[in-house]
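Beneath this line is the structure, given in structure tokens, with notes to follow.
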Amino acid sequence: MSVDFQSWASNCQARIEAFLDSRLPANDCVPMRLHKAMRYSVLGGGKRVRPLLSFAAGELAFVDIERVTVVAAAVELIHAYSLVHDDLPCMDDDILRRGKPTCHIEFDEATALLTGDSLQTLAFELLAEKRLADTPETQLEMIAQLAQASGSRGMAGGQAFDLDSVGKTLSLPELEFMHVHKTGALIRAATMLGARCSSRLDVDQLDKLDHFAKCVGLAFQVVDDLLDIEATTATLGKTAGKDAENNKPTYVSILGISQARELAEKLQHDAYQALDGFGDDALRLRQVTDFIIKRKF
Ligand code: GRG
């Protein structure tokens, strides 16, 4: 635990990159165009925030690193799929992601659709192929938890709500409802799956961790809304100013910049509070929270 956060995070990022690289089909494996597009969309980019949360929660629960690597990779594959689909013309219609052309621009729309589908199914293949929890029942629950977080009662449902909200005025609770699903559900799953690779935490502790992850998920989105207007396209590696351009309700459009910043800090405080009682074992989770709040891209 003596390693500084930057080194720890770089280590986790390298570990997840190497694992994903080893599990994504090779570029010369048929169908080559699809496999190239999958590798293009997953490897060599992204902050890997969700894997960092899985690894940090894994440290809290003293989880075997091999197990947590698999769940972190599965969550990152779902995230990468969501970005590929989110960038499609029928969704956010964007041309830049992680500093390079989006999947449908580099390849084509049909390939991007299949890329998202294939990344999603690969995620579940990874979760199902070997032992990742202390009991088979827990592992089945973890698979169901990721499915639920990704589907219509989670991320995809939040995206549907988002598409429906364009040009509308949302109340703060409605905006929160949207983001608890669209962004928050996967962040929560990343955290909880990391911890559930061992049976060390009891139900009460898992509830506290879940509350932590809910606060972090919302804080992530508030910061994302701030960066969309405060940062440049070059820094973000994706098109800045998209929310206003698309007439989307955001924390900034509803609260203004300074109140949105205050909300991010309040959520950071709430997240910290949820970790009270875990002591030093939660150090990495606190550090990942700070990274999410202070990030510049
Ligand atoms: C088409 C069935 C179907 C489902 C699609 C597209 C979709 C479901 C959901 C989209 C969810 C989505 C894109 C949420 C945005 C969350 C968000 C703020 C993403 C940016 O995450 P970062 O900053 O990105 O962690 P990096 O590139 O660092 O990984």
In segment 35-48, which residues are part of a helix (DSSP H, G or I), surrounded by fewer than 19 Cβ atoms within 10 Å (Cβ to Cβ) and touching a residue at least 12 places away in the same chain (Cβ under 8 Å)?
-> ARG39
Return the residue satisfying two criteria in turn: it lies in segment 137-147 and is in contact (Cβ under 8 Å) with a residue 12 or more places away in the chain and surrounded by fewer than 17 Cβ atoms within 10 Å (Cβ to Cβ), and of such residues it is farthest from TYR251 (Cα to Cα).
-> THR138
Read through the list (1) in a loop (DSSP other than H, G, I, E, B); (2) in contact (Cβ under 8 Å) with a residue 60 or more places away in the chain; (3) within 12 Å of the ligand (Cβ to nearest atom), then give the number of the only condition that LEU88 fails.
-> (2)
For segment 93-104, does any single residue satisfy the condition of being surrounded by fewer than 22 Cβ atoms within 10 Å (Cβ to Cβ) and closer than 19 Å to LYS214 by Cβ?
-> no
Residue pairs within 9 Å by beta carbon, gap of at least six or interchain, first lying in segment 269-297 and farther than 30 Å from GLY237 by Cβ, second among the basic types (Lys, Arg) and within 16 Å of the ligand (Cβ to nearest atom), listed first then second, are ALA274/LYS214
Determine, yes or no, whether GLY194 is in a helix (DSSP H, G or I), free of Cβ contacts under 8 Å to residues at least 60 places away in the same chain and crowded, with 24+ Cβ neighbours inside 10 Å.
-> no
Restricting attention to segment 148-171, which residues are under 30 Å from PRO51 (Cβ atoms), open to solvent by 20 Å² or more (accessible area, probe 1.4 Å) and either among the aliphatic types (A, V, I, L, M) or more than 16 Å from the ligand (Cβ to nearest atom) (or both)?
-> ALA156, ALA160, LEU163
Of the listed residues (ASP276, ASP225, ASP280), the one being on the phi < 0 side of the Ramachandran plot, open to solvent by 20 Å² or more (accessible area, probe 1.4 Å) and assigned to a helix (DSSP H, G or I) is ASP280
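The values are calculated or read from the model by the stated rules, or taken from the named source; none is laboratory data. For clarity, every value in this text was computed on a predicted model and none was experimentally measured. All Cβ positions, even for glycine, are placed from backbone atoms using ideal geometry, and neighbour counts span all protein chains on display. With ligands, DNA and RNA removed, areas are computed over all heavy atoms of the protein, side chains included. Shrake-Rupley method; radii C 1.70, N 1.55, O 1.52, S 1.80 Å.
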